[in-house]
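A short worksheet on the structure shown next.
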Amino acid sequence: MSTVKVITGNHAASFGARDSRAEVIAAYPITPQTQIVELLSEFCADGTLKAKFIKVESEHSAMAACIGASAAGARAYTATSAHGLALMHEMLHWAANGRHPVVMANVNRAMGPPWSIWTDQNDSLAQRDTGWLQFYCESNQEVYDTTMIAFKVCEQVLLPGMLVLDAFILSHTYEPVEMPDQELIDEFLPPFDPPYKMDLKDPHAFGALTTPEWYMELRYLIQEAHEKALVKVREVEKEFGETFGRHYGPLELYRCDDAEEVILIAGSTASTTKDAVDIMRKEGRKIGLARIKLFRPFPNKEIRDIASRVNKMIVIDRNISFGNQGIFFNEIKASLYQTKHTPPVYGFVAGLGGRDMKIDDITGIVKQAETCNIEEILWWGVKL
Amino acid sequence: MSKSEKKMMRATIPEEEYMFPGTVDCQGCGAAYAMRLALKALGPQTMVVIPACCWSIIAGPFPTSALKMPIYHTAFETAAAVASGLKAGLNIRERDATVLAWAGDGGTFDIGVQALSAAAERDEDIIYVCYDNEAYMNTGIQRSSATPWGAWTTTTPRKHPKDRPKKNMMEIMAAHKIPYVASATVGHPEDFVRKLKKAKEIRGTRFFHVLATCPTGWRSPPELMLELPRLAVETRVFPLYEIENGVYSINRKPKQNIPVAEYLKVQGRFRHLTDQQIQYIQDHVDETWELLLKKEKLGRLF
Amino acid sequence: MFVEVRWHGRGGQGVVTASELLAGAALAEGKYLQAFPEFGPERMGAPIKAFTRISDGPIEIHSHVYTPDVVVVLDPSLLENPAITEGLSDEGKLIANFSGTPDEVRKITKFMGRIYTVDATRIAMETIGRPIANTCCVGALVKVTGLVALEQAENQIRQMLESKIGKKGTDANIEALRRAYNEVRS
């Protein structure tokens, strides 16, 4: 029998790590991630989870210790947010380039200064090119589910994966989360046995100096693994859906079947957008939502598919690449360039630093996209 | 061979080699010899974690390896953290190995000190060896906080040599109340091997501060690889001692009062020093030695 | 049905626990729910808010609550704060931990909708032995709104508290809940 608990997004992450049977956890507290590590500490202390929790002195060491554990062949997990993630940056490269399937929850929080503890996506998107898989969740249930999905995919392609949840909107919000039987989870996610590990009987040197003669080939293999990961995400999410009855996919489509225009967005704002879509539908508007769950590897095929079926795309970014545009906006446009179907794509930057995204904001953005100049970066709700 | 001769000839350093010949270290490299000795002492059940340092090069480029043991190469400041994770990963899988973190002075005294301090505070079950060649030698001789007062490096030119004393890493590590802290040099192989063998049997964080000659950076003749650290000990510049569960014991108390000048004058990095500056070093060395003698007398300190 | 409840109290008074308690009880009745604190740093003694959404259908919205249907005030000292009635229409309900009458609350708040009072602090002192008004306020809310059954709230208290504070403390909280349920005034 599965159980349903009313828990926060943070605790959904902790339960996800517990039920994925993480073996080594190394983490450092940061608002708004702290409850993840607090609950995991309790799980480790009371034996609910047979894992070693290393209480490190920084996020940099957290990732380093996870890498060490992964090198030993263990399933490693950590969680962080914003500045903690930024401090990890060097080791994020190390984890990916070293082919360690570490899984991490990142609570999306705006970067300082000024200090902000509220949500936006610049922290995780700044780690775009480190080689990590990135999954953006829209509900606590998805946070829980995606933990095991991420472990499964990552361990098959030997790459690390980051699941992302919005600060407070998910991290501190209580929602019902269904947790399946451990037996079923164990079947879905069997123990990790990496093909290469630190082994006295089969000694290797990991990460040794590599001359220009071979470095590029190792990077090629990572790109290849990302391409494989895209296939695996589709497969694993399908298997997850068949086993547990919940379906996500790299790009979740909501009321897109006959849609003439589509909103593209990632994170918890996507769920608010579903309500907004319902309201606009009632008013006769043929609009849908394409929620970007998977950011790396980028679901180009899914993006092109939906582009081929609509006349207009509206991208809402809770982030900005300074000096250019919203990051999802850019990625989506790049995905469509030189393809057959390139409907106009409007990009809005909204909700930075935790500014609330209401139904009215979504409908307002859609309305503004009717008249605005497509060549401008469209800031939504800026008071200047 | 008489009985007493046999006793004298008894080899205390294991004959087994775990390091392949032909490594790409400089002539007279103390760091390379230190690893050779360490692996002999610790034996084949050892895994090595190496952050950025000379050993990132000495260990050999992909796809080669200088060691018969598994090596994990990691980022500069992460030796202690990766070693902690590695040990935890082995433990949870019920696998056993001695985890050896092997870092230079830059990776220990400077950029890695935060992760090392944290690992020691947690009393992680690892052996951490800092082979100290007293500057960033791998990047071409830049000063570190292990560089002694008065020394030339490329970032402390002769017109303005290092004007701060060497950081006392032994005391910093002892302050963490870990079970074992020891100094050693490549000029005292038996002593180093004995200490490693002892450390291997202890659980918790064990820290070694090993003076490793660097002819390239010290501007000294390569053939003095063994001799220079011995002089460092005889002149009390680098005392050999252990701190075992809070008890200090000095392993070598030189009977002769050899002036530090004897140690300094054979190294080009100290060539510019005036007599007055050498006297300053002598005074500092004497003070530090006296303090160490006092600590030894006090018995258990933590 | 789609109901939004806003809770007002001070850090340390169990405001978030109250919102969570109601959410848990709603779940047990097969309803959909969401509960969350005001987003930001919580400090002991400072005014804080928490929110509960309860619905017959799945809840997708993840924005703040701006127009609550019910406001519950756990701390009488907050009644003068205009934030109490913000976004609360005259169709809404205000439930206050207050020793006096609803009319007195109306004078303080100028709220024209329905007002209910419950002397939660006194009930808590007499049952739990500490001025923790949160379970009492849930009791009053259950009576006033019928959002969940009283037994469901009792079960939820048992589930949430028993492993943390033991049977005796849990029983006292349930007693507080019941008394508030019966003693709430309109």
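The values are calculated or read from the model by the stated rules, or taken from the named source; none is laboratory data. Note that this is a predicted model, so its numbers are computed, not measured. When we count neighbours, we look across all protein chains shown, and the Cβ atoms used for this are built from the backbone with ideal geometry, even at glycine. The protein model used for the area step is the full one, side chains on, heavy atoms only, and it has no ligands, DNA or RNA in it. Shrake-Rupley method; radii C 1.70, N 1.55, O 1.52, S 1.80 Å.
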Checklist entry - Rounded to the nearest 0.05, what FRET efficiency do C:THR67 and A:GLN223 have when you use their Cβ-Cβ distance and R0 = 60 Å? => result 0.75
Checklist outcome for this item: Sites removed, the longest contiguous part of chain A containing no DSSP-loop trypsin sites (Lys or Arg not before Pro) with at most 13 other Cβ within 10 Å is A:51-200
Checklist outcome for this item: Whole-Hz Karplus couplings 3J(HN,Hα) for the range A:51-64, θ = phi - 60° and coefficients 6.51, -1.76, 1.60, Gly and Pro as x, run 8, 9, 9, 9, 8, 6, 9, 6, 5, 4, 6, 4, 5, 4
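Would you please classify the overall shape of chain C from the alpha carbon gyration tensor, given that a ≥ b ≥ c denote the square roots of the eigenvalues, rounded means a/c under 1.5, and beyond that prolate means a/b larger than b/c while oblate covers the rest?
Rounded, since a/c falls under 1.5.
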Checklist entry - In nm, to one decimal, how far is the A:ASP186 label point from the C:ASP103 one, both placed 7 Å along Cα→Cβ? => result 6.8
Checklist outcome for this item: Distance in nm between C:GLN159 and A:ILE374 label points, each 7 Å along Cα→Cβ, equals 5.1
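Order A:TYR28, B:TYR131, C:TYR116, A:TYR220 by their accessible area, 1.4 angstrom probe, all chains in place, largest first. Show your work: numbers first, answer last.
Details: A:TYR28 80, B:TYR131 0, C:TYR116 35, A:TYR220 140 Å².
Sorted descending by solvent-accessible area, the residues read A:TYR220, A:TYR28, C:TYR116, B:TYR131.
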Checklist outcome for this item: If one compares the long axis through the Cα atoms of helix A:82-97 with the longest principal axis of the Cα atoms of chain A, the angle in degrees, nearest 10, works out at 60
Next on the checklist: Looking at chain A as a GNM with Cα springs under 10 Å, which of A:GLY16, A:GLY323, A:GLY249 has the largest mean-square fluctuation?
Outcome noted: A:GLY323
Item to check | Exposure of C:LEU88 as accessible area (Å², to 10), given a probe of 1.4 Å and all protein chains | outcome: 20
Checklist entry - What percent of all Cα-Cα pairs in chain A falls in each 10 Å bin, counting up from 0? => result 5, 24, 34, 24, 11, 2, 0
Checklist entry - Can you list residues whose amide H is under 5 Å from A:ASN106's amide H, if they're 5+ apart or on another chain and H is modeled 1.01 Å from N? => result A:THR80, A:LEU163, A:VAL164, A:LEU165
Item to check | Whole-Å distance, taken between Cα centres, linking the range A:353-384 and the range A:216-265 | outcome: 28
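Scanning chain C for trypsin sites (Lys or Arg not before Pro) in DSSP loops with at most 11 other Cβ atoms within 10 Å, what's the longest stretch left with none? Numbers along the way, then the final one.
Working: sites that count: C:ARG43, C:LYS110.
For trypsin sites (Lys or Arg not before Pro) (loop position, at most 11 other Cβ atoms within 10 Å), the longest site-free span of chain C is C:111-186.
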Item to check | Amide H contacts under 5 Å for A:ALA26, placed H, 5+ residues apart | outcome: A:ILE54, A:TYR77
Checklist entry - Is chain B rounded, prolate or oblate when judged by the Cα gyration tensor, a ≥ b ≥ c being the square roots of its eigenvalues, rounded requiring a/c under 1.5 and prolate requiring a/b larger than b/c? => result rounded
Checklist outcome for this item: Expected field for A:THR339, accessible surface area in Å² at 1.4 Å probe radius, rounded to 10, holds 40
Item to check | Point-charge dipole on Cβ atoms (K/R +1, D/E -1) for chain A, about Cα centre, debye to 20 | outcome: 500
Checklist entry - Which residue fluctuates the most in chain A, going by a Gaussian network model with Cα springs under 10 Å, if the choices are A:ASP193, A:ASP202, A:ASP145? => result A:ASP202
Checklist entry - Counting alpha carbon pairs within less than 8 Å and at least 6 residues apart, what relative contact order, in whole percent, applies to the range A:219-329? => result 29
Checklist entry - Under a 5 Å amide H to amide H cut-off, with H placed in plane at 1.01 Å, what residues pair with B:TRP149 once short-range neighbours are removed? => result B:LYS166
Item to check | Charge dipole magnitude, Cβ of K and R +1, D and E -1 - chain B, Cα centre, debye nearest 20 | outcome: 400
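Calculated FRET efficiency, C:MET1 and A:ASP46, Cβ-Cβ r, R0 41 Å, to nearest 0.05? Can you show the working numbers first?
On the way: r = 39 Å, r/R0 = 0.94.
FRET efficiency, C:MET1 to A:ASP46: 0.60.
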Item to check | Residue-wise HN-Hα coupling along the range B:46-58, computed from phi with Karplus coefficients 6.51, -1.76, 1.60 (Hz; x: Gly, Pro) | outcome: 10, 10, 10, 10, 10, x, 4, 4, 3, 5, 5, 8, 4
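Rounded to the nearest 5, what % of the DSSP beta bridges within the range A:251-379 are antiparallel ones?
About 20 percent, rounded to the nearest 5.
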Next on the checklist: Less than 15 Å from a label point 7 Å out along the Cα-to-Cβ axis of B:ARG203: which backbone N atoms in the range B:102-129 qualify, by residue?
Outcome noted: B:123-127
Checklist entry - So if R0 is 60 Å, what FRET efficiency would B:ALA261 and A:TRP214 give, r being the distance between their Cβ atoms, rounded to the nearest 0.05? => result 0.75
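Please arrange C:ASP90, B:ASP25 by accessible surface area, largest first, computed with a 1.4 Å probe and ligands excluded. Write down the numbers at each step before the final one.
Numbers: C:ASP90 95, B:ASP25 50 Å².
My answer, sorted largest first, is C:ASP90, B:ASP25.
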Checklist entry - Looking at the range B:157-189, which trypsin sites (Lys or Arg not before Pro) are DSSP coil and have at most 15 other C-beta atoms within 10 Å of their C-beta? => result B:ARG158, B:LYS159
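Counting only GluC sites (Glu not before Pro) that are in a DSSP loop and have at most 14 other C-beta atoms within 10 Å, tell me the longest site-free stretch of chain A. Kindly include the intermediate steps, with their values, before the conclusion.
On the way: sites that count: A:GLU213, A:GLU260, A:GLU283, A:GLU375, A:GLU376.
Of all site-free stretches, the longest is A:1-212.
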Checklist entry - What span do the alpha-carbon atoms of the protein assembly as shown cover on each of the three principal axes, reported in whole Å from largest to smallest? => result 105, 73, 55
Next on the checklist: I'd like the accessible area for B:CYS53: 1.4 Å probe, protein heavy atoms, all chains in place, Å² to the nearest 10.
Outcome noted: 10
Item to check | the range A:141-175 versus the range C:28-77: alpha-carbon centroid distance in Å | outcome: 25
Item to check | Per-residue HN-Hα couplings for the range C:36-41 [Karplus 6.51, -1.76, 1.60; θ = phi - 60°; Hz; x = Gly/Pro] | outcome: 7, x, 4, 6, x, x
Checklist entry - Do you know the relative contact order of chain A, to the nearest whole percent, from alpha carbon pairs under 8 angstrom that are 6+ apart? => result 16
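Once you order the gyration tensor axes a ≥ b ≥ c over the Cα atoms, which shape class does the range A:263-384 get: rounded for a/c under 1.5, otherwise prolate or oblate by comparing a/b with b/c?
Working: a/c = 1.39, a/b = 1.13, b/c = 1.23.
Rounded shape, in that the Cα axes give a/c under 1.5.
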Next on the checklist: Just to confirm the filter: which GluC sites (Glu not before Pro) across the range C:61-115 are DSSP coil and have at most 15 other Cβ within 10 angstrom of their Cβ?
Outcome noted: C:GLU80, C:GLU86, C:GLU91
